[in-house]
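As structure tokens, the structure follows; a few thoughts come after it.
The values are calculated or read from the model by the stated rules, or taken from the named source; none is laboratory data. The structure displayed is predicted, hence computed values, not measured ones. Neighbour counts run over all protein chains shown; Cβ positions are idealised from the backbone, glycine included. Ligands, DNA and RNA are excluded from the accessible area calculation, which covers all protein heavy atoms including side chains. Shrake-Rupley method; radii C 1.70, N 1.55, O 1.52, S 1.80 Å.
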Amino acid sequence: MTIFAKNKIEYLLEHCKQRYMVEFGKIYNEDCVKTMEKLEDESIDFVITSPPYDDIRNYNGYSFDFERIAKELFRIIKQGGVVVWVVADATKNGSETGTSFRQALRFMELGFNLHDTMIYYKNNPMPQTGNRYHQMFEYMFCFSKGVPKTFNPIKEATKYRGLANMKNRGKDGVLNYEKVERSIEKKVGNVFAYSIGGGITTPDKIAYKHPAIFPEKLVKDQIITWTNELEVVYDPFMGSGTTAKVAELLHRKWIGSEISKEYVDIAQERIAPYLQNDLFTKN
């Protein structure tokens, strides 16, 4: 065997080994691409995240490579898995950037289906000045790799329920009435409204040291919808740890990445009281 061939084999073995070095129930303090490179193909059931888009907020000076992240997400997500990508657009030079739409189209070019364009509606947004209406929503693009393998829809009570008289004209032309049971609940629409702010987004005070926090209810609704217990949830921009906390409480396995050490410390302190010593948190 030549030295070149031997080195190539050793490289491949080490590369394969790296793919199995990611632990469940851990936030990796590194660029999310590095974390995903350790994951094997089609090993993640569900991803939910909100990247630091368009420099709308300062993310401790860090930036991210969208192209590499999108490609890795497609590689690691299982067939039938789902990515929920929460984004909005900044306004620059008098125009919204359209970054959100460009990212959505790129995900589709890579092979994802744009399964649904959901809206994260803020009941109490920050007031804005100027000649635009208050910015009250963000996009929640739902990308799937093929047809989603899981769908547990959030439901709400129907307005009319119980027995109802329904008209039915028989073959003889006589109008009859029969009692039918109306549905008592229905799927909600794809606009999800949440109140945000201190003590509302989360009861965990330490989380507010982070500049932008997911509403816990938003993450809960999406995890419940697209996964079942013991499936694997990944957040490449873990931030204050909302995805980790909610996944833990819902008995999902989870992995996170966060490039900022400051935010990792916040997230770890936040989720510590909720960590469970159950088998589902282990490999």
ask   = Any residue at all in the stretch 215-233 that is acidic (Asp, Glu) and under 23 Å from residue 121 (Cβ atoms)?
value = yes
remark   = Every listed condition ((1) at pLDDT below 95; (2) in contact with a helix residue (DSSP H, G or I) (Cβ under 8 Å, 6 or more places away or on another chain); (3) surrounded by fewer than 24 Cβ atoms within 10 Å (Cβ to Cβ); (4) not polar (S, T, N, Q)) holds for residue 211 save (2)
query = If a residue has to be outside any loop (DSSP other than H, G, I, E, B), touching a strand residue (DSSP E or B) at 6+ places or on another chain (Cβ under 8 Å), modelled with pLDDT of 95 or more and open to solvent by less than 30 Å² (accessible area, probe 1.4 Å) to count, how many in the stretch 18-66 make the cut?
reply = 11
query = For the stretch 185-214, what are the residues that are in contact (Cβ under 8 Å) with a residue 12 or more places away in the chain and of a type in the set (Gly, Ala, Ser)?
reply = 193, 195, 197, 207, 212
task = May I ask you to list the residues in the stretch 176-208 that are of a type in the set (A, V, I, L, M, F, W, C) and open to solvent by less than 60 Å² (accessible area, probe 1.4 Å)?
result = 180, 188, 192, 193, 196, 206, 207
ask   = Scanning for something surrounded by fewer than 20 Cβ atoms within 10 Å (Cβ to Cβ) and assigned to a helix (DSSP H, G or I), does the stretch 243-261 turn up at least one residue?
value = yes
ask   = Quick one: in the stretch 215-229, which of the residues that are open to solvent by 30 Å² or more (accessible area, probe 1.4 Å) and in contact (Cβ under 8 Å) with a residue 24 or more places away in the chain is nearest to residue 202 (Cα to Cα)?
value = 216
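Show me the strands (runs of 3 or more DSSP E) found entirely inside the stretch 69-156 where at least 3 residues are open to solvent by 50 Å² or more (accessible area, probe 1.4 Å) and at pLDDT 95 or above.
Details: elements: 77-87, 113-122, 137-144.
Hits in the stretch 69-156: 113-122.
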